[in-house]
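Notes to accompany the following structure.
The values are calculated or read from the model by the stated rules, or taken from the named source; none is laboratory data. Not measured: the values here are computed from a predicted model. For neighbour counting, all protein chains shown are included, and Cβ atoms are generated from backbone atoms with ideal geometry for every residue, glycine included.
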Amino acid sequence: MENAVYPQSKEALQIKARHPAGQRRSTSWDPYGTSVHRDGLKSLEFRGKQRSDDSPQFIASARKTSATQILSTDNCPDTYINRNRIFPAQTFLEWLAFESVSSSGHSAHYKVRIISDKHDKVFATGCLSVTYEIQRSARMNAAFVVLVRNQELDGILQSIRSIERHFNQWFHYPYVFLNDADFDEEFKAKIKRHVSAPVEQFYKHPLLLKYEWYWRLEPEIKYFCDITYANSDPFVKMAEANKTYGFTIAIKELQETVPNLFRYASAYKRTKGIKSKGLWEMFLNRPSGIKLPSSEDEKWNSLPEDITMLDSDHVHSDEICPDAMEGESYNLCHFWSNFEIARLDWYQSKECQEFFEMMERSGGFWMERWGDAPIHSLAAGILLSPDDVHYFRDIGYRHTTIQHCPANAPARQLPRAPFLDQTIEDEKERLEEDEYWANFDSVRENGVGCRCRCDTDVVDAEDKEGSCFAEWVDVAGGWTSP
């Protein structure tokens, strides 16, 4: 896609959608250029070695929401509501983490199972030595992309410290910061303290056109494991495995926030005559056994009134999900886009651009609060196969009260060299911070992580009923261990 360009009206990379109640949704970045902020984004780009280390441990305490407060409707089993009101997205995410956990960060009954490698497999199990030669080796044309506001400075410094400690201290990939306003002087000064590199400032510039890959970074996220791939890094491994999109957490969206999203996505797939490559099924509710009309079924192509001839003893109107299309309905699963590693040329492809233009014309970003995560996910479901997607099972990650943190791999751990955060002024605090990460978790059978130290106040996404981990395993080839 050497000649691919964004349309002029889509230089900015920002979705500003509205909650149904009229509340402004927090800014989210869409590399497809969908439903953009027309005035463009101010931005900063930083290249070179970072001087930062790790962040203080980020703990967000979940408000305990009883599972009995959540109801699941019979006709749309993934529609979550509160007895008295629509369930807010944040509260729903916190509900996912209400169970008690053990010191490993997983619930007490957690057992690491092996996923089939038919379509995808872990890039590296355990720790590998990051030598000087590796650090000096060629890099992919890639960058961290950070959408951040001035008032989120502390949160993004925490995120930078975390990714520097666990990965970028060795590889030094650049950061691209995007904002919908000018970065203030305090923001720039504090960022420069963490970044020892020249600073370029851009306005109304399609920054990402010069990159082939991006890694999404948001304020107030935390990494738990060292990422030490041999002679390479996640970008290199994605390219070698011919992958397009990578994720680490898959969860469910709220039905009330995407009421018409699936209809438009399904309509695009149908009008373009696109057949599933095997990933689309991850986002569908399991068949209920009810036979519904389909345009591919010749017997339903006569008269519309024939639909009324369904046997009323077997099918009732309240058994049919109102959002179903062609007998398919959305299970609300999506890849959590605050962590994603992906190819930009796929985003710039004709198929993706057509999909996003159709979704933008629908008005759903503004009227229904559509976020970038389900949009990215359904686009992947339509256009990609399970072979094109990678689950970064070995990367421990947390945002808000949702986390995935892999168990450490047996016989594959290596001592970690000290990495002191020079931005922490107090020397004692600096040493304590490094000591914390030196005492990583014990190993566990079938673990894949490197020097992981998991938070213990929430249940791992792999082990939490209500996440979409099982749906991914199904399309990835299933389990190969009990």
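Details
- Scanning the stretch 451-467 for residues that are touching a Leu at 6+ places or on another chain (Cβ under 9 Å), under 25 Å from D434 (Cβ atoms) and either surrounded by fewer than 20 Cβ atoms within 10 Å (Cβ to Cβ) or of a type in the set (A, V, I, L, M, F, W, C) (or both) turns up just one, V458.
- Filtered residue count, the stretch 190-230, keeping only those that are on the phi > 0 side of the Ramachandran plot and at pLDDT 95 or above: 1
- The set of residues in the stretch 402-437 that are surrounded by 11 or more Cβ atoms within 10 Å (Cβ to Cβ) and of a type in the set (G, A, S) comprises A407, A409.
- So L378, is it part of a helix (DSSP H, G or I) and either in contact with a Cys (Cβ under 6 Å, 6 or more places away or on another chain) or over 17 Å from C452 (Cα atoms) (or both): yes
- Filter result for Y214 (hydroxyl-bearing (S, T, Y), in contact (Cβ under 8 Å) with a residue 24 or more places away in the chain and under 23 Å from H390 (Cβ atoms)): yes
- Selection of the stretch 236-289 for residues being in contact with a Cys (Cβ under 9 Å, 6 or more places away or on another chain) and part of a helix (DSSP H, G or I) yields Q255, M282, F283.
- Residue list for the stretch 354-372, restricted to those being over 22 Å from K272 (Cα atoms) and surrounded by fewer than 18 Cβ atoms within 10 Å (Cβ to Cβ): W366, M367
- Of all the criteria given as (1) crowded, with 23+ Cβ neighbours inside 10 Å; (2) touching a Lys or Arg at 6+ places or on another chain (Cβ under 8 Å), the one not satisfied by H376 is (2).
- Flag if D394 is part of a helix (DSSP H, G or I), within 21 Å of the chain's Cα centre (by Cα), within 24 Å of E240 (Cβ to Cβ) and charged (D, E, K, R): no
- Count of the stretch 397-425 residues which are in a strand (DSSP E or B) and under 23 Å from H376 (Cβ atoms): 6
- Residue in the stretch 455-471 that is in a loop (DSSP other than H, G, I, E, B) and in contact with a Gly (Cβ under 7 Å, 6 or more places away or on another chain) present: yes
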